[in-house]
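Right, one structure below, let's go through it.
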Amino acid sequence: FDMLSPAVIDEYEKFLRKKKNNINTISAAMKNFKAYINRAIRQGMEIKNPFIHYKIKMAQGRITFLSLEQQHKLIEMYDKKELADHLQESLLVYLVQSFTSIRISDARIINEKWISQGLLEFKPHKTRRYEKVVRFGLSKVASRFLKELFELKNRKGLKSDQKINDDLKLIAAHAGIHKTITTHVARHTFATTFLTLGGRIEVLQDIMGHSRIETTMRYVHIIDTRKTEQMGNFDNEFK
């Protein structure tokens, strides 16, 4: 521990880059390194934390989400029961997520007790060690799909994540949506829909349980980019 310094951290990062690791792999290694140092500090060791002035870098992957029109298309398909039963079930899971923002891990454990007087209140499974509580009001459409999800879970439970995602690919093809839909795309879709309909960024941060506003700001950038792209329609029309 006496050898730790910001210079050591920099040298370690250079070493990882030299080994051809990508930025997210390097980030994971640095997070592990930092975790052990923080654990030692909590156990009373007198260490000068070399990570105080070091920012762990992460590459932002491309965010896939569905437009309002595509969301309407999926709801229409679900209501018309156009799909086989097993696909209807996977689509229901997706719709619950896209109108509540909950992760698939929370969709598996959610129950009626989480809801009181129109409010959904729970501790997200992914961040359970922080004891963080998320609480927000439910829209009518979210309440409707949640009720049907509870019925499905009581009747037979949910399929594996992989099976649901495999089903969602088939559903997208049936709907003519040329995007790879997954359970996590549902969460992205909630965020972009919320902002498109005029929701505030700080409220979205609270609903999604983000600890850092920078994480939520990714969705603002997406919406702003789409607005800029669509303004280009004027140039296409009026030359």
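For this structure, a couple of remarks:
- Reachable lysines, given that their alpha-carbon falls under 20 Å from the alpha-carbon of K159 and they are not under 8 places away in the same chain: K81, K126, K147, K169
- The charge dipole of the stretch 120-213, taken about the Cα centre with unit charges on the Cβ atoms of Lys, Arg (+1) and Asp, Glu (-1), comes to about 220 debye, rounded to the nearest 20.
- 222 nm mean residue ellipticity, helices alone, for the chain (DSSP H n ≥ 4; -39,500 (n - 2.57); rounded to 500): -19500 deg cm²/dmol
- Cα gyration tensor shape for the stretch 114-239, rounded if a/c is under 1.5, else prolate or oblate: oblate
- Note on V220/F150: beta-carbon distance plugged into 1/(1 + (r/R0)^6) with R0 of 35 Å gives a FRET efficiency of 0.60.
- Ordering of 111-121, 208-218 by burial proxy (mean other Cβ atoms within 10 Å per residue, highest first): 208-218, 111-121
- The residues of the chain expose on average 63 square angstrom of accessible surface per residue, using a 1.4 Å probe on protein heavy atoms.
- For K169, the accessible area of its heavy atoms, probed at 1.4 Å with every protein chain present, is near 110 square angstrom.
- Computed E for K81/K123 - FRET, C-beta separation, R0 41 angstrom, nearest 0.05: 0.75
- In the chain, the longest principal axis of the Cα atoms and the axis of helix 213-231 are about 50 degrees apart.
- FRET efficiency, 1/(1 + (r/R0)^6) with R0 35 Å, evaluated for D206 and N49 via beta carbons: 0.75
- For the chain, a simple Cβ point-charge model (Lys and Arg +1, Asp and Glu -1, everything else neutral) yields a dipole of about 760 debye relative to the Cα centre.
- Relative contact order %, the chain, counting alpha carbon pairs below 8 Å whose residues are six or more apart: 20 percent
- Remark: accessible surface ordering of F51, F194 (largest first) is F194, F51, probe radius 1.4 Å.
- Accessible carbon and sulfur surface of the stretch 7-57 relative to its total accessible area, %, 1.4 Å: 53 percent
- Segments 29-35, 97-103, 156-162 sorted - mean Cβ within 10 Å per residue, highest first: 97-103, 29-35, 156-162
- The distance linking the stretch 122-140 with the stretch 56-110 is 18 Å (Cα centroid to Cα centroid, whole angstrom).
- The angle between the Cα long axis of helix 23-42 and the longest principal axis of the Cα atoms of the chain comes to about 60 degrees, rounded to the nearest 10.
The values are calculated or read from the model by the stated rules, or taken from the named source; none is laboratory data. A quick note: this is a predicted structure, and the numbers were derived from the prediction, not measured. Neighbour counts run over all protein chains shown; Cβ positions are idealised from the backbone, glycine included. Each accessible area value is taken on the protein alone, full model and side chains, heavy atoms only, with ligands, DNA and RNA left out. Shrake-Rupley method; radii C 1.70, N 1.55, O 1.52, S 1.80 Å.
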